[in-house]
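Values in this text are rule-based calculations from the coordinates and carry no lab data. No experiment lies behind these values; they were computed from the predicted model shown. Because the Cβ atoms are built from the backbone with ideal geometry, glycine has one as well, and the counts that use them run over all protein chains shown.
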């Protein structure tokens, strides 16, 4: 049995901890304030991730460090990510623990075909640039033999445990659809195909990497075929026993104008292309290598509706 440090107690951190615990591993979950209500068997620790010395001490004897955090403010990635990521990388190098980072697809920028792990990294904004640089720094350390690293890339995620405002689908589509209310999302087109990754499937790939091989490269999380906002809303309304719901999105011009007054809307400019045109994730590499499959769509819907009603 190995010891694994999971950094972050949000949905991804808890999903990762749950998958590792299910594999019989020991899990320490770290957050600044000290996580509570963790999966049974996990131990919570309060620690500032920018305190490299403290993080290195916590990682002593650990098999892996799982980076499942994000800066507290979406608008300050460029300021907050680099020092925090540098602290994690240093702790991995000094402790000997492998570093598994859960990232996203921002670094690919605008794409015209399904994204694979070999899709060129061409970010079209500062958040994508930040994420791309963090991976480049980690991979350089790996290639130099200073540590073992890998990066997990899901698409926008959803499911039980993602109700903290971090999930576009949970917040803007599933919540109103399950309640039988009209769906209104802040950007995109209702009929643009988009890949949606189930939260538990992120945890399953993290555990597979932490307990196996696959170091020194990127892996896409097993994800079902893409669905539109309209298709998702209809499926969840139907599963919750509701009538079909109306789906609309804000006009692009409204989001653009609103961004001049709202920092949050302004931050969405960089990623709105993901919801305005096909944005499809190819996860066949991880599925073949680790023998993983995405949770069936029907099960994802059933479990998520049950969690919402519960």
Handout entry: Filtered residues of segment 176-206 (kept if out of contact with any helix residue (DSSP H, G or I) (no Cβ under 8 Å at 6 or more places or on another chain) and in a loop (DSSP other than H, G, I, E, B))
Key = 179, 181, 193, 195
Handout entry: Members of segment 269-305 that are touching a residue at least 40 places away in the same chain (Cβ under 8 Å), under 21 Å from residue 234 (Cα atoms) and part of a helix (DSSP H, G or I)
Key = 274, 275, 276, 297, 300, 301, 302, 303, 304, 305
Practice task
Look at residue 29 and say whether it is in contact (Cβ under 8 Å) with a residue 40 or more places away in the chain, at negative phi, buried (at least 20 other Cβ atoms within 10 Å of the Cβ) and within 18 Å of the chain's Cα centre (by Cα).
Solution key: no
Completion exercise
With criteria (1) part of a loop (DSSP other than H, G, I, E, B); (2) farther than 25 Å from residue 9 by Cβ, residue 163 comes up short on (2)
Completion exercise
Residues of segment 215-255 being over 30 Å from residue 98 (Cα atoms) and assigned to a loop (DSSP other than H, G, I, E, B), in sequence order, are 225, 226, 228, 240, 241, 242, 243, 244, 245, 246, 250, 251
Problem - In segment 118-147, residue nearest to residue 222 (Cα to Cα) [restricted to those that are assigned to a loop (DSSP other than H, G, I, E, B) and in contact with a helix residue (DSSP H, G or I) (Cβ under 6 Å, 6 or more places away or on another chain)] - result: 119
